[in-house]
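Notes for the one structure printed next.
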Amino acid sequence: MAKTVLTFGPQHVVFPEPIQFKLKVEDEFVVGAEPVIGYVHRGIEKAFELNELKKNIFLAERICGICQTPHSNAYVLGVERLMGIEAPPRAKYIRVIMNEMNRLHSHMLWFGLLGDAIGFESYFMQVWNYREKLMDIIEKIAGNRVTYSMNAIGGVRRDISDEQAKEIHNVMDFLEEAFKSIEDVLKDYTLIKRTKGIGVLTESEAKRDGAVGPTARASNVPYDMRMLGYDAYRDLEFKPVVVDSCDSYGRAVVRWKEMLQSINLIREALSKMPVGDIITKSNALPKGETVIRVEPPRGELFYYLKGNGTKNLERVKVRTPTFANIWPTITMLSKGCEFANVPVVVLSIDPCISCTER
Amino acid sequence: MENDINVTKENLLQEVQKFRDKEARFVIATCVDLGDKLEIIYHFDDNLKLINLRLQFAPDEEIPSIASIYPSAALIEGEIVDFFDAKIAGIGHGTLLAPDSPKAPLRKKKEVK
């Protein structure tokens, strides 16, 4: 059978952002794939060197429009380490609450997109409608529903009041009930047919290719940077969600379980959150180098920071989760994936291209 | 940083293979401009422990690619070639930057066109 090269993307209905895969196909089956990136590169690592320390917090948040809070979280953690300061305990809990609300809204967004990709239009709108409740409470706390700007060097910029804490509890109760409909969809024949056994990534392939986040955890690899215990995670009950089905369905199951886990983490953080300051002031300037790793919704986020004792950093390197998950996707596609399943397989890693290219 | 190991271009692949043999995960490589030299730090995760291999080399010196051991490294090596104009065997320009983009934008003391 002669091989044909088909280009998938950069513009495709299933991609909210541009990326291209050059697919080698034999008949209906993909036997090789090559990623083509660079359509939305913005030179952000260079901009980190040119901006001052505080401005970089807002720059970090703009690397990704969905998981912005883990980006600023990683950045401020790195700067704090280089300055030799630590956020107050209450600020650490607020960071965890914002991170977990971010994970919840991101996973709900993904479930909506999955519904859209396989033709479940009303389900897509239903999930995004539930998500609005969460976005509303985020807006009440942060003043903004998309880019929160909660993190600051040495702590957070805004506190969570008792009244807001009660509202968060109410939203968590609502979402817990609402997620039952997502569980129902996971038992649906069509969804199972479109995702089970599709886009297989074995445990050894996930390790070799450096998969992260739900993509790795659905392949029985328990990588989750929350286990490092940054911010207040070390004080909370946490165990990574792991599934051994190694397919697109498993990635959906991991995200569904993680949403329930996030609700529990938020409740626990609210109940344990101590009273006190929310920021540690310091005039120190960062010197030396450090690596910070945190866990946004899509997987491990890596920041390398090098300071030279001035208000500008010498070097900032950012590796986002989707960057790490591109090669595992190539592996999934190249094993004889049916051409019609390519959109679902690519969607199963929850790709975010703008943050991948920075 | 903690857990740093200095390597040379001669023993780089041998050291990287040791991580592959124990199923450590290749996290990413970071390139830093040290002025007269470039430094690539290869970061590996071994059961949540981050280990860094540091390789310093002259900017015009060719170094081996680790993509033969960790295929996923090809992407970041392509990015390093684009951003720093490093010479990595078998890796060309064009991963993230278009042909008419500024050359080596993350190099210090070099005019960016």
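One table, with the values for the structure above:
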quantity	calculated
Highest-MSF residue in chain A out of A:PRO70, A:PRO214, A:PRO240 [GNM, Cα springs under 10 Å]	A:PRO240
Karplus 3J(HN,Hα) series, Hz, for the range A:312-324 with 6.51 cos²θ - 1.76 cosθ + 1.60 (x for Gly, Pro)	10, 8, 6, 7, 10, 10, 10, 10, 8, x, 5, 4, 5
Selection from B:PHE44, B:LEU13, B:PHE57, by position along the positive dipole direction of chain B (Cβ)	B:PHE57
Over chain A: helical MRE at 222 nm, DSSP H runs n ≥ 4 each giving -39500 (n - 2.57), nearest 500	-16000 deg cm²/dmol
Pairs of Cα atoms farther than 38 Å apart, the protein assembly as shown, %	22 percent
Average accessible surface area per residue within chain A, 1.4 Å rolling probe, Å²	37 Å²
Distance in nm between pseudo-label sites at A:ASP136 and A:VAL31 (7 Å out along the Cβ direction from Cα)	5.5 nm
Dipole of the range A:43-323, positive end: most advanced residue of A:THR320, A:ASN56, A:LEU175 [Cβ charges, Cα centre]	A:ASN56
Whole-percent carbon and sulfur share, accessible surface of the range A:299-347, 1.4 Å	55 percent
Partner lysines for A:LYS180 [C-alpha distance under 17 Å; skip if fewer than 8 residues away on the same chain]	A:LYS133, A:LYS257
Listed peptides A:301-309, A:32-40, A:91-99 by packing density, highest first (mean Cβ within 10 Å)	A:91-99, A:301-309, A:32-40
Size of charge dipole - chain A - debye, nearest 20, with Cβ of Lys, Arg +1 and Asp, Glu -1, no other charges	1000 debye
Calculated from backbone phi, Karplus (6.51, -1.76, 1.60) coupling profile of the range A:143-160 in Hz, x at Gly/Pro	x, 7, 8, 10, 9, 6, 6, 7, 7, 9, 5, x, x, 10, 8, 10, 8, 10
Straight-distance crosslink candidates among lysines, where the alpha carbon sits under 22 Å from B:LYS37 and sequence neighbours closer than 8 are dropped	A:LYS46, A:LYS287, A:LYS306, A:LYS317, B:LYS9, B:LYS87, B:LYS103, B:LYS108, B:LYS109, B:LYS110, B:LYS113
Distance-filtered residues of the range A:121-145 - backbone nitrogen under 20 Å, label point 7 angstrom along A:ARG158 Cα→Cβ	A:131-145
Residue-by-residue Karplus 3J(HN,Hα) for the range B:40-51, coefficients 6.51, -1.76, 1.60, Hz, glycine and proline x	10, 9, 8, 9, 10, 10, 10, 6, 6, 8, 8, 10
The range B:4-88, Rg to Rh (Cα coordinates; Rh as Kirkwood inverse mean 1/r)	0.94
Span from the the range A:167-192 Cα centroid across to the the range B:37-113 one, whole angstrom	44 Å
Residues losing 50 Å² or more accessible surface upon assembly, the range A:283-307, compared with the chain by itself, 1.4 Å	A:GLU289, A:ARG293, A:PHE302, A:TYR304
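The values are calculated or read from the model by the stated rules, or taken from the named source; none is laboratory data. Bear in mind that the values here come from a model prediction, so they are computed numbers and not experimental data. Backbone-built Cβ (ideal geometry, glycine too); neighbour counts: all protein chains shown. Just so you know, the surface numbers come from the protein's heavy atoms only, side chains and all, with ligands and any DNA or RNA stripped out. Shrake-Rupley method; radii C 1.70, N 1.55, O 1.52, S 1.80 Å.
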